[in-house]
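Asks: A single structure is presented below for examination.
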Amino acid sequence: MTLLECNLPGIKKLRSGKVREVFDLGDCLLIVATDRISAFDCILPTAIPRKGEVLTRMSIYWYGVLDFVPNHFITDRFEAFPDVLKPFEDQLRGRSMLVRKASPLPVECVARGYLAGSGWKEYETCGTVGGHEVPAGLQLASRLPHTLFTPATKAETGHDENIAWKQCRAILGDELAHQVRKQTIDLYEQGAVYAARAGILIADTKFEFGITGGETILIDECLTPDSSRFWPADAWKPGVNPPSFDKQFVRDYLETLDWDKTDPAPELPEEIALKTSQKYIEACENLTGIKIAQC
């Protein structure tokens, strides 16, 4: 089944994000990844089949691979879920997980290894990326000389706003800012090594961290097509925007429409939704080796 909205009568819902629903179970949280997709800051009314399952499986895979940084994951085994959740198996199995509670840091932690997205736009205008000085003469999709940490403030709605390293330190405090910068770069670089073995380049990604019991842990999703820019290595070359395993396919379609990029967002044709689903599934299978049935 596809899932655009998750409602669990009797279970307290803390919040609904663009994709995830978060429920309070008392001593832990339940996170449910729906099949929603957003573009240009609008949630589309069309579900992307298997998307929530892909996001959940990929995050869990990376939590295990990158376990040198503690994370919030407890279990995704539905059989181990509290009895109160048992009536909701159709909505939860395969797309949900129990996680530790944590106080989220008010900063998105972005790592960039290649020149793309807002980093490319800044470079074209200012010759910098996230305020970092980088060599002149780089092209779109060029590999950066080293991994850059480019933090942003988190927004419940709308775009996150890129901030300077100095501002990040002012928000988090010097010690914590240095800690999450190092963890962000380490997570990205180790993840990039694993992804490269599967023929995928991770151009950039973002992580979120939280504090629980005085410990800083990785929370939310981890190295998924929603939080990262994945490129097939054999299609990459500087100067050309490579095809990607993410929602760029949806954005490209929406750009062909006479739509002002405000709500309400248009429906996606079935073929666009299915092709997008296939992209997400392909990325998951290539990276994790886990087979997911096509729709």
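The values are calculated or read from the model by the stated rules, or taken from the named source; none is laboratory data. Note that the structure is predicted; figures quoted are calculated from it, not measured. Using ideal geometry, Cβ is built from the backbone for each residue, glycine included, and neighbour counts are taken over all protein chains shown. Only protein heavy atoms, including side chains, enter the accessible area calculation; ligands, DNA and RNA are left aside. Shrake-Rupley method; radii C 1.70, N 1.55, O 1.52, S 1.80 Å.
Asks: Being in contact with an Asp or Glu (Cβ under 9 Å, 6 or more places away or on another chain), open to solvent by less than 30 Å² (accessible area, probe 1.4 Å) and in a strand (DSSP E or B) is the filter here; which residues of segment 210-252 pass it?
Replies: Gly210, Leu218, Ile219, Ser228, Phe230
Asks: Follow-up question, since we're still on this one. Only one of (1) in a helix (DSSP H, G or I); (2) in contact with a Leu (Cβ under 6 Å, 6 or more places away or on another chain); (3) of a type in the set (Gly, Ala, Ser) is not met by Ala265, so which one is it?
Replies: Result: Ala265 fails condition (1) only.
Asks: Okay, moving on. Pull out all pairs, ordered by first then second residue, where Cβ-Cβ is under 6 Å, the residues are six or more apart or on different chains, the first lies in segment 152-177 and is closer than 23 Å to Asp263 by Cα and hydrophobic (A, V, I, L, M, F, W, C), and the second is open to solvent by 60 Å² or more (accessible area, probe 1.4 Å) and at pLDDT below 95.
Replies: Hits for this filter: zero, empty list.
Asks: Can I ask one more? Could you tell me which of the residues Ala283, Ala265, Ala195 is out of contact with any His (no Cβ under 9 Å at 6 or more places or on another chain) and over 26 Å from Val99 (Cβ atoms)?
Replies: Of Ala283, Ala265, Ala195, the one residue that is out of contact with any His (no Cβ under 9 Å at 6 or more places or on another chain) and over 26 Å from Val99 (Cβ atoms) is Ala265.
Asks: If you don't mind, another one. Could you list all residues from segment 96-137 that are open to solvent by less than 10 Å² (accessible area, probe 1.4 Å) and small (Gly, Ala, Ser)?
Replies: Ser96, Ala111, Gly113, Ala116, Gly119 - these are the residues of segment 96-137 that are open to solvent by less than 10 Å² (accessible area, probe 1.4 Å) and small (Gly, Ala, Ser).
Asks: Where residues in segment 221-257 are among the aromatic types (Phe, Trp, Tyr) and at pLDDT 90 or above, which of them is farthest from Gly137 (Cα to Cα)?
Replies: Tyr253
Asks: Within 19 Å of the chain's Cα centre (by Cα), at pLDDT below 95 and within 28 Å of Lys101 (Cα to Cα), is that true of Asp204?
Replies: Spelling it out, it is not the case that Asp204 is within 19 Å of the chain's Cα centre (by Cα), at pLDDT below 95 and within 28 Å of Lys101 (Cα to Cα).
Asks: Follow-up question, since we're still on this one. What's the number of the only condition in (1) out of contact with any Gly (no Cβ under 6 Å at 6 or more places or on another chain); (2) closer than 23 Å to Lys18 by Cα; (3) touching a residue at least 12 places away in the same chain (Cβ under 8 Å) that Phe149 fails to meet?
Replies: Among (1) out of contact with any Gly (no Cβ under 6 Å at 6 or more places or on another chain); (2) closer than 23 Å to Lys18 by Cα; (3) touching a residue at least 12 places away in the same chain (Cβ under 8 Å), Phe149 violates only (2).
Asks: For segment 32-54, which residues satisfy the criterion of being over 10 Å from Val19 (Cα atoms), modelled with pLDDT of 95 or more and aliphatic (A, V, I, L, M)?
Replies: Answer for segment 32-54, where residues must be over 10 Å from Val19 (Cα atoms), modelled with pLDDT of 95 or more and aliphatic (A, V, I, L, M): Leu44, Ala47, Ile48, Val54.
Asks: Okay, next question. One residue is enough: does segment 112-124 have a residue meeting the conditions over 24 Å from the mean Cα position of the chain (by Cα) and more than 29 Å from Leu4 (Cβ to Cβ)?
Replies: There is at least one residue in segment 112-124 that is over 24 Å from the mean Cα position of the chain (by Cα) and more than 29 Å from Leu4 (Cβ to Cβ).
Asks: Filter segment 176-209 for residues that are closer than 19 Å to Pro243 by Cα and open to solvent by 70 Å² or more (accessible area, probe 1.4 Å) and give the result.
Replies: Selection gives Arg197 alone.
Asks: Looking at segment 23-137, what helices (runs of 4 or more DSSP H) fall wholly within it and have at least 2 residues that are without any contact (Cβ under 8 Å) to a residue 24 or more places away in the chain?
Replies: 117-126
Asks: In addition: Mind counting the residues in segment 268-295 that are part of a loop (DSSP other than H, G, I, E, B) and of a type outside the set (Gly, Ala, Ser)?
Replies: 7
Asks: While we're here: Name the residue that is farthest from Thr216 (Cα to Cα), counting only residues in segment 138-175 that are open to solvent by 80 Å² or more (accessible area, probe 1.4 Å) and in a loop (DSSP other than H, G, I, E, B).
Replies: Gln139
Asks: May I pose another question? Of Thr75, Thr2, Thr34, which residue is open to solvent by less than 10 Å² (accessible area, probe 1.4 Å) and not acidic (Asp, Glu)?
Replies: Sole residue among the options that is open to solvent by less than 10 Å² (accessible area, probe 1.4 Å) and not acidic (Asp, Glu): Thr34.
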